[in-house]
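Below is one structure, written out as structure tokens; the observations come after it.
The values are calculated or read from the model by the stated rules, or taken from the named source; none is laboratory data. It should be emphasised that the depicted structure is a prediction, and the values quoted were computed from it without experimental measurement. Using ideal geometry, Cβ is built from the backbone for each residue, glycine included, and neighbour counts are taken over all protein chains shown. Calculation scope for accessible area: heavy atoms of the full protein, side chains included, ligands and nucleic acids excluded. Shrake-Rupley method; radii C 1.70, N 1.55, O 1.52, S 1.80 Å.
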Amino acid sequence: MATATVAGTPKAKPGQSVRNKLTLPVLMLLIAGVLALTSLVRIITGADGITDVGQMSTALQLAVPIGLAGLGGLWAERAGVVNIGLEGMMILGTWFGAWAGFQWGPWVGLLFGILGGALGGLIHAIVTVTFNVNHIVSGVAINILALGMTRYLSKFAFEGKEGGSSKQSPPVDSLGSFTVPGLADWLSDLNHKGWFLISDIAGLLGGLVTNVSWLTLIAIALVPFTWWALWRTSFGLRLRSCGEHPVAAESLGVNVIKYKYLAVIISGGFAGLGGAFLSIVSANFYLEGQTGGRGYIGLASMIFGNWMPGGLALGAGLFGYTDSLNLRGGGTNVHALLLLLAILLVLAVGWLLWKKRYVAGLVTTAVAALVLAWYLLTDEVPSQFVTATPYVVTLLVLALSAQRLRMPKADGMPYRKGQGK
């Protein structure tokens, strides 16, 4: 396996150094800097809602299905299979989760949600791994199939049931949530004092201990579990070698086809769990169109995180936070964040000029000026823009982070058993 690992590691060309990875201390400093700037913006604008406990709690709930879909994409793509079908697998998870949940309880619903997503993963694996169909085409087909399949099944499973219809399931019992007594109240009080940075950190931590679903805890634990499974076990090493250099992996005795199948089925299971979260935790029923493109945003969070669990979690948190603005504070909070964006763009200009990237610096300066003018000339942003904020942020962060990304070398490439012989 050592050869497979070396084969999948980027090598520096003569006279060229390998780009340093973002270390944990540097990452923590960056997060602290963003929190400090956010706190400063809150004080200047008076928009206390941007770091309120309720805002953070809502953001966490909205980030979980995105993060689970992103983890699904991570497992598949680390094995070399592009999974555009995450959206369809989430749809299957929402439907099967609600269908089983209203009959046998929410925990059984979660299990069926995982199985529903895994079924979509199995179909995607058969089409892409066995028959070598283009991964993008297969993923889009999965999304269309899932939408049509759930619409058809709903007419038989939900119509005529109390609270059900052809587009909505009967209600599912609550999975339950918890609040850490004492600590939650103390953090809430500290958050309401409005102190610089301290109150904002209290709001962030308060969202982690207030009205938290048990499934949210499981989803958070799956992030370090994925890191451990893929980067600290022989199973994970073999799976990642299939996404980096499958021919070298096969020469060392790895059953590449088996590992690709396992990865894509696990990928579907993660996406299905994310879908079940939507129909059991976020709402207590299935509703057609419930995923709202979160499978695609999960894929974007995986790319933003550079195919790593930690970066993926940060991306999901960012998208969950921007999505929560649509539910709490709306135009006022988004308007305050325009000032934060302008400050970040000014800092980006300084960094680009320091790197002597003058054209990019000039373009960024113009964008920063436009954002600042928007903030100064308005009192709040239109509701339509608030709704579109998560998708705008998705495009923005992918555009800004594109140059540092490195996907697995064999991701999306067709592979047949024995092709290296």
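For the stretch 325-403, the set of trypsin sites (Lys or Arg not before Pro) satisfying both a DSSP loop assignment and a count of at most 10 other C-beta atoms within 10 Å is given as Lys355, Lys356.
Placing pseudo-labels 7 Å out from each Cα toward the beta carbon at Ala369 and Asn255 gives an inter-label distance of 6.3 nm. Accessible surface ranking for His124, His245, 1.4 angstrom probe, highest first: His245, His124. The residues of the chain expose on average 48 square angstrom of accessible surface per residue, using a 1.4 Å probe on protein heavy atoms. Val108 contributes an accessible area of around 50 Å² to the protein surface, as traced by a 1.4 Å probe with all chains present. Once you have a ≥ b ≥ c as the square roots of the Cα gyration tensor eigenvalues for the stretch 325-421, tell me rounded if a/c is under 1.5, and otherwise prolate or oblate according to whether a/b is larger than b/c. It comes out oblate by the Cα gyration axes. Ranking Ser57, Ser165, Ser154 by solvent-accessible area of protein heavy atoms (1.4 Å probe, all protein chains present), from largest to smallest, gives Ser165, Ser57, Ser154. Accessible area ranking (1.4 Å probe, heavy atoms, ligands and nucleic acids excluded), largest first, for Leu395, Leu230: Leu395, Leu230.
Positive contributions from Lys and Arg (+1) and negative ones from Asp and Glu (-1), summed over other residues with Cβ under 15 Å from the Cβ of Trp95, come out at +2. Dipole check for the chain: with +1 at the C-beta of Lys and Arg, -1 at the C-beta of Asp and Glu, and the Cα centre as origin, the magnitude is about 1960 Debye. Within the assembled protein chains, the solvent-accessible surface assigned to Phe131 is about 140 Å², based on a 1.4 Å probe. Under the membrane-span-like helix rule (DSSP H runs whose alpha carbons stretch at least 20 Å along the helix axis, mean Kyte-Doolittle hydropathy 1.0 or higher), the chain yields 24-45, 106-125, 135-157, 214-231, 256-277, 330-354, 358-377, 383-401. Highest-first packing order for the peptide set 376-387, 109-120, 334-345, 187-198 is 109-120, 334-345, 187-198, 376-387, based on the mean count of other beta carbon atoms within 10 Å. Across the options Tyr152, Val180, Gly164, the greatest Cα extent toward the positive end of the charge dipole of the stretch 130-222 (unit charges at beta carbon of Lys, Arg, Asp, Glu) belongs to Tyr152. Classify the chain as rounded, prolate or oblate, taking a ≥ b ≥ c as the square roots of the eigenvalues of its Cα gyration tensor: rounded when a/c is under 1.5, otherwise prolate if a/b is larger than b/c and oblate if not. Taking the square roots of the gyration eigenvalues as a ≥ b ≥ c, the chain is oblate.
First check a/c for the stretch 121-221, with a ≥ b ≥ c the square roots of the eigenvalues of its C-alpha gyration tensor; if it is under 1.5, answer rounded, and if not, answer prolate when a/b is larger than b/c or oblate otherwise. The shape class here is oblate. When each of the peptides 62-74, 211-223, 301-313, 404-416 is scored by how many other beta carbons lie within 10 Å of its residues on average, the order from highest to lowest is 62-74, 301-313, 211-223, 404-416.
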